[in-house]
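A.B. asks: Supplied in structure tokens, the structure appears directly below.
The values are calculated or read from the model by the stated rules, or taken from the named source; none is laboratory data. All values reported here derive from a predicted model rather than from experimental measurement. Virtual Cβ from ideal backbone geometry, glycine too; neighbours counted across all protein chains shown.
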Amino acid sequence: MDAPVLIERFETEDIAGVLLLHAAGDSFVGINADHHPVRQRFTLAHELGHLHLGHQPRIELTSDIFGSATDPQEVEANYFAAEFLAPRHGLIAWLEERDRISSVDAEAIARMALSFGIAFPAACYRLERAGVIGAPEKQGLVSELKASGGEYARRFSAIRLNDSIEDLWRSKSYPRVPRETATYAQLAHDEGLIDDSTHEAIMRGAGETQDISSWFT
């Protein structure tokens, strides 16, 4: 699975990402640069899930990924993304290494979520699915982290996952659209896969070529 990835402002919060597949078999993924890095990571993993599972091309609305998805392909891609970013065995190993497997509290979950680069509620749901905590405990932890998550994020900022997505989001120094990407965007527009506004947003950044696909391999 090999696909160039573009991080670019879509000028709307409503679109999380784009998956394009050309008739020749080439693929392309775009993610919304203005979303928080936690969301960008999940969107990217979600789109890779679509590619891995052989799903259809699409423009991903934020509500499709972070809402209550009912489309089977969206549900499958969400499961893929969750396991890709925070595999069950990895989470359990993280807790065991810190002797927290039997004493999971909000602080432990916050530290773990920051280390894995996922949202605090997502970490709670992952631990429930891994059988580490039960549903009532999960709900209590989600509520506690909703109230105090900002403080935990500040206290443990030093262990936050720092990757290219995080660096770009903080510096806002997004690369220009590669020429290849501009070509794919034009083809997608011609075939009706993206609308005028999405096409214009992508083409607005077109210019100097820069290969960014290696950042995500």
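Residue by residue, here is whether (1) assigned to a strand (DSSP E or B); (2) touching a residue at least 12 places away in the same chain (Cβ under 8 Å); (3) over 17 Å from ILE194 (Cβ atoms) holds:
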residue: PHE10; (1), (2), (3): no, yes, no
residue: LEU20; (1), (2), (3): yes, yes, no
residue: VAL38; (1), (2), (3): no, yes, yes
residue: THR43; (1), (2), (3): no, yes, no
residue: HIS55; (1), (2), (3): no, yes, no
residue: GLN73; (1), (2), (3): no, yes, yes
residue: HIS89; (1), (2), (3): no, no, yes
residue: ARG100; (1), (2), (3): no, no, yes
residue: MET112; (1), (2), (3): no, yes, yes
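A.B. asks: Are any of the residues in segment 79-86 part of a loop (DSSP other than H, G, I, E, B) and farther than 30 Å from GLY192 by Cβ? Give the steps one after another, and end with the answer.
C.D. replies: Initially, segment 79-86 is screened for residues part of a loop (DSSP other than H, G, I, E, B), giving 86.
Restricting the remaining residues to those that are farther than 30 Å from GLY192 by Cβ gives 86.
Yes, there is a match, as at least one residue in segment 79-86 is part of a loop (DSSP other than H, G, I, E, B) and farther than 30 Å from GLY192 by Cβ.
A.B. asks: Restricting attention to segment 1-14, report how many residues are in contact with an Asp or Glu (Cβ under 7 Å, 6 or more places away or on another chain) and surrounded by 18 or more Cβ atoms within 10 Å (Cβ to Cβ).
C.D. replies: 1
A.B. asks: Another question about this same structure. For segment 161-210, which positions are part of a loop (DSSP other than H, G, I, E, B), under 17 Å from VAL29 (Cα atoms) and at pLDDT 75 or above?
C.D. replies: Matches in segment 161-210: GLU191, GLY192, LEU193, ILE194, ASP195.
A.B. asks: Got a number for residues in segment 10-45 being over 15 Å from TYR184 (Cα atoms), at pLDDT below 85 and of a type outside the set (Phe, Trp, Tyr)?
C.D. replies: Of the residues in segment 10-45, 1 are over 15 Å from TYR184 (Cα atoms), at pLDDT below 85 and of a type outside the set (Phe, Trp, Tyr).
A.B. asks: Please work out which one of (1) surrounded by fewer than 20 Cβ atoms within 10 Å (Cβ to Cβ); (2) in contact with a helix residue (DSSP H, G or I) (Cβ under 6 Å, 6 or more places away or on another chain) is the condition ILE31 fails and give its number.
C.D. replies: (1)
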